[in-house]
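**Student:** Once you've had a glance at the structure underneath, I'll fire off some questions.
What follows draws every value from the coordinates through simple rules; no lab data is involved. Keep in mind the model is a prediction, meaning the values are calculated, not measured. Every residue, glycine among them, receives a Cβ derived from its backbone with ideal geometry; neighbour counts consider all protein chains shown.
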Amino acid sequence: MNSYVERVLENLKNKYGNEKEFLQASEEILVSLSPYVDKHPELEKNGILERFVVPERIIMFRVAWVNDKNEVEVNNGYRVQFSSAIGPYKGGLRFHKSVNLSIIKFLALEQILKNSLTTLPMGGGKGGCDFDPKGRSDMEIMRFCQAFMTELCKHIGQFTDVPAGDIGVGAREIGYLYGQYKRIRNESVGVLTGKKLSFGGSLVRTEATGYGLCYFTLEALKTYKKTDFKNKRVIISGSGNVAVYACEKAQQLGAHVVAMSDSDGCVYDENGIDLALIKEIKEIKRGRIKEYAERKHCVYYDKPADIWQIKCDIALPCATQNEIDLNSAISLVNNGCFMVCEGANMPTDKEATAYLLKNKVIFGPGKAANAGGVATSGLEMSQNSLRLSWSFEEVDKKLQDIMVGIFHNIYDVAKNELGNEYDLVSGANIAGFKKVADAMLSQGIM
Ligand code: NDP
Ligand code: 2IT
């Protein structure tokens, strides 16, 4: 490993030893940048890596609100404005009980390179709250979002920082957040993406991450295996925004999707997942996937990780970080899975990733494979600035071009610069980092 990389990593471990997810993401990125750093001594001279791994700004705040029982609840809100080197901070908000600073920092760090890969001018940021939306009434969600935005609105803006959705934050939450921003700042601007179409949203944004994941996966199938999705057995973890639209596009492209999950368990339907039923249960009723098994003849496992025991050709993890561990990776390989593309952020842990790569499983890392969501957010920002809206076909075509472009960009780096066409992890990290480093070098020490 490059000695400069080693020093920066050692320092990070000493300082942030308790930030598990952040260290995991930082280590993967830094280690894979090593061959690039070897060839670019100007990075060390300008302290680029030390700066790259420290957020420009971290905002942490109290969110106090009143629930339906008239009780006061208090949560911890975060916005990590990690890098503005190539554009305004951009990245989602996550509302989940597990949210902490380490998780938001890892997501924001990944977002810097992901946004760079989209080719659009967006820096990296992420935010969220340890609020648990499960079982809350619509009015509670609204009051919580209003309380959250009352503080967040002081720190964001269309040219400064543009949040969007992530786990637990969809169109409903974005609507309430947007309404509160407008009320306080008296501005109708594209300060959030993922808005509904009636007030500045973009067609395809809802579908974008899942569709984009399939466009990326299809390009990988064509390039490595001269094949496509037709008749491939696919399993997709999660049943939220990313998973549902990954399933929709995979099915449209001819795949046989046999399993999906939520945080309670997974369903295995050999006849093929009935996506209309999944949408009814998860999108409309906000229910549990177990209900699918109550209404259809299929198998239900009450552990979400059991999904990785099901035989498949292609696995698309679309739920959360570290959902595929070494045991799951071993099962995937034993069952003949030959491709894993990450719809979620860092769903495959370090040991599992190494095992998949060692066993010649084609592995599409999240910061490339799931970049379609934020790319379409970038297109939403463009439309808001133009005061125009593009048709579904126009946005979908741009999304396809971006995903195919991302695949070939990272594939070319892996093949031509690293001499290993299968190392898309390093390919994505280096390809994303190049532009960020160039911008940082041009803008001076700050
Ligand atoms: P949603 O909230 O819409 O859905 C999340 C899904 O993952 C739900 O089915 C949820 O189950 C499941 N899940 C969450 N935690 C766990 C867990 N610990 N074990 C098993 N299942 C779990 O979020 P999204 O679909 O938007 O996000 C999914 C992933 O994709 C995240 O990693 C996110 O960062 C990433 N991503 C999202 C993008 C977007 O545009 N939305 C863009 C790029 C990446 P349950 O309902 O039981 O909680
Ligand atoms: O992880 C991600 O890329 C997202 N949650 C989407 C971010 C965005 O700004 O659309």
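**Student:** Only helices at least 20 Å long along their own axis, judged from Cα atoms, and with Kyte-Doolittle mean hydropathy of 0.0 or greater: name those in the chain from DSSP H. Each step should come with its number before you reach the end.
**Tutor:** Values: long enough: 20-39 (30 Å, -0.08); 101-117 (24 Å, 1.01); 138-152 (21 Å, 0.31); 171-185 (21 Å, -0.97); 205-225 (30 Å, -0.31); 372-386 (21 Å, 0.05); 392-412 (30 Å, -0.19); 424-443 (29 Å, 0.58).
TM-like helix candidates: 101-117, 138-152, 372-386, 424-443.
**Student:** Report the Cα centroid-to-centroid distance between the stretch 178-223 and the stretch 121-167 in angstrom, as an integer.
**Tutor:** If you average the Cα positions of each part, the centres end up 15 Å apart.
**Student:** If you take every DSSP beta bridge whose two residues both sit in the stretch 1-154, what share of them, in percent to the nearest 5, is antiparallel?
**Tutor:** Details: 16 of 19 bridges.
Here the share of antiparallel DSSP bridges comes out near 85 percent.
**Student:** Now, a different point. Quick one: 3J(HN,Hα) in Hz for the stretch 41-46, Karplus 6.51/-1.76/1.60 with θ = phi - 60°, rounded, Gly and Pro as x.
**Tutor:** In residue order, the calculated couplings are x, 5, 5, 5, 4, 9 Hz.
**Student:** Based on the alpha-carbon gyration tensor of the stretch 315-355, what equivalent-ellipsoid semi-axes (square roots of 5 times the eigenvalues) come out, in whole Å, largest first? Walk me through the numbers before you get to the answer.
**Tutor:** Numbers: eigenvalues 47, 26, 11 Å².
Sorted largest first and rounded, they come to 15, 11, 7 Å.
**Student:** More than 16 angstrom separation, counting every C-alpha pair in the stretch 216-302; what % is that?
**Tutor:** Details: 1868 of 3741 pairs.
The share of Cα pairs beyond 16 Å in the stretch 216-302 comes to 50 percent.
**Student:** How are the alpha carbon pair distances in the stretch 274-314 distributed across 10 Å bins from zero to the largest one, expressed in percent?
**Tutor:** Whole-percent P(r) values from 0 Å outward: 26, 49, 25, 0.
**Student:** Any of Lys226/Lys303; Lys230/Lys290; Lys290/Lys360; Lys20/Lys126 with alpha carbons more than 23 Å apart? Name them for me. Don't skip to the answer; put the middle values down first.
**Tutor:** Values: Lys226/Lys303 35 Å; Lys230/Lys290 28 Å; Lys290/Lys360 34 Å; Lys20/Lys126 17 Å.
Where the Cα-Cα span goes over 23 Å, the pairs concerned are Lys226/Lys303; Lys230/Lys290; Lys290/Lys360.
**Student:** Treat each spin label as a single point 7 Å out from the Cα along the C-beta direction, and report the His297 to Lys230 distance in nm.
**Tutor:** Distance between label points: 2.9 nm.
**Student:** For Gly432, what charge total do you get from the other residues with a beta carbon under 11 Å from its beta carbon, if Lys and Arg give +1 and Asp and Glu give -1?
**Tutor:** Local charge sum for Gly432: +3.
**Student:** Moving on. Mind giving me the FRET efficiency for Met1 and Leu441? R0 is 25 Å, r the Cβ-Cβ distance, nearest 0.05 is fine. Display every interim value, and only then the final one.
**Tutor:** Numbers: r = 22 Å, r/R0 = 0.89.
Calculated transfer efficiency: 0.65.
**Student:** Still on this model: Once you wrap a convex hull around the alpha carbon atoms of the stretch 342-433, what is its projected area averaged over all directions, in nm²? Show your work: numbers first, answer last.
**Tutor:** Numbers: hull surface 26.6 nm².
Dividing the Cα hull surface by four gives the mean projection, 6.7 nm².
**Student:** Could you please tell me the mean projected area of the C-alpha convex hull for the stretch 337-390, averaged over all directions and given in square nanometres to one decimal? All intermediate terms of the calculation are to be shown ahead of the outcome.
**Tutor:** Values: hull surface 18.1 nm².
Spelled out: convex hull of the Cα atoms, projected over all directions, averaged, 4.5 nm².
**Student:** If you don't mind, there's one more thing I want to ask. How are the Cα pair distances of the chain distributed, in percent, across 20 Å bins from 0?
**Tutor:** It works out to 27, 60, 13, 0, in whole percents.
**Student:** For the stretch 1-145, count the residues as N, evaluate 2.2 N^0.38 Å, and divide the Cα radius of gyration by that value, please. Provide the component values of the computation, followed by the final result.
**Tutor:** On the way: Rg = 17.9 Å, N = 145, 2.2 N^0.38 = 14.6 Å.
After normalising by residue count via 2.2 N^0.38 Å, the value is 1.23.
**Student:** OK, next. Under 4 °C and 1.567 mPa s, how fast does the stretch 170-253 diffuse according to Stokes-Einstein, given a Kirkwood radius computed over C-alpha pairs? Answer in µm²/s, whole number.
**Tutor:** Values: Rh = 14.8 Å.
After rounding, the answer is 88 µm²/s.
**Student:** Right, here's the next one. Place the peptides 252-264, 390-402 in order of packing, highest mean first, counting for every residue the other Cβ atoms within 10 Å and averaging per peptide. Please report the intermediate quantities before stating the final value.
**Tutor:** Values: 252-264: 20.2, 390-402: 16.5.
Averaged packing, sorted descending, gives the order 252-264, 390-402.
**Student:** Hey, for a label at Arg183 modelled as a point 7 Å past Cα toward Cβ, could you say which residues of the stretch 112-143 have their backbone N under 16 Å away?
**Tutor:** Only 138-143 pass the distance filter.
**Student:** What full-extension length gain, to one decimal in nm, is calculated for Val404 and His40 as 0.36 nm per residue of separation minus the Cα-Cα distance?
**Tutor:** Values: separation 364, 0.36 × 364 = 131.04 nm, distance 2.81 nm.
Full extension from Val404 to His40 adds 128.2 nm.
**Student:** Which order do the peptides 415-423, 125-133, 433-441 come out in when sorted by mean C-beta neighbours inside 10 angstrom, highest first?
**Tutor:** Numbers: 415-423: 14.8, 125-133: 25.0, 433-441: 19.0.
Highest to lowest by the protection proxy: 125-133, 433-441, 415-423.
**Student:** Can you report the principal axis dimensions of the stretch 241-361 using only the alpha carbons, biggest first, rounded to whole angstrom?
**Tutor:** That gives 40, 28, 23 Å along the principal axes, largest extent first.
**Student:** Can I ask one more? Given labels modelled 7 Å from the Cα in the Cβ direction, how far is it in nm from Glu351 to Glu280?
**Tutor:** For the pair Glu351/Glu280, the computed spacing is 4.2 nm.
**Student:** Need one number: % antiparallel among DSSP beta bridges in the chain, to the nearest 5. Don't jump to the answer; show the numbers that get you there.
**Tutor:** Working: 24 of 44 bridges.
Restricted to the chain, the bridges split so that about 55 percent are antiparallel.
**Student:** Between Lys311 and Ser98, what is the spin-label point distance in nm, taking each point 7 Å from the Cα along the Cα→C-beta axis?
**Tutor:** 3.0
**Student:** His155: net charge of surrounding residues, Cβ under 15 Å, Lys/Arg +1, Asp/Glu -1, itself excluded?
**Tutor:** On the way: positive: Arg57, Arg62, Arg79, Lys90, Lys126, Lys154, Arg185; negative: Glu56, Glu151, Asp161, Glu187.
Counting the neighbours of His155, the net charge comes to +3.
**Student:** Still on this structure, please answer the following. Taking the highest mean first, how do the peptides 267-277, 78-88, 58-68, 95-105 order by number of other beta carbon atoms within 10 angstrom per residue?
**Tutor:** On the way: 267-277: 16.6, 78-88: 23.5, 58-68: 14.7, 95-105: 20.7.
Descending mean neighbour count gives 78-88, 95-105, 267-277, 58-68.
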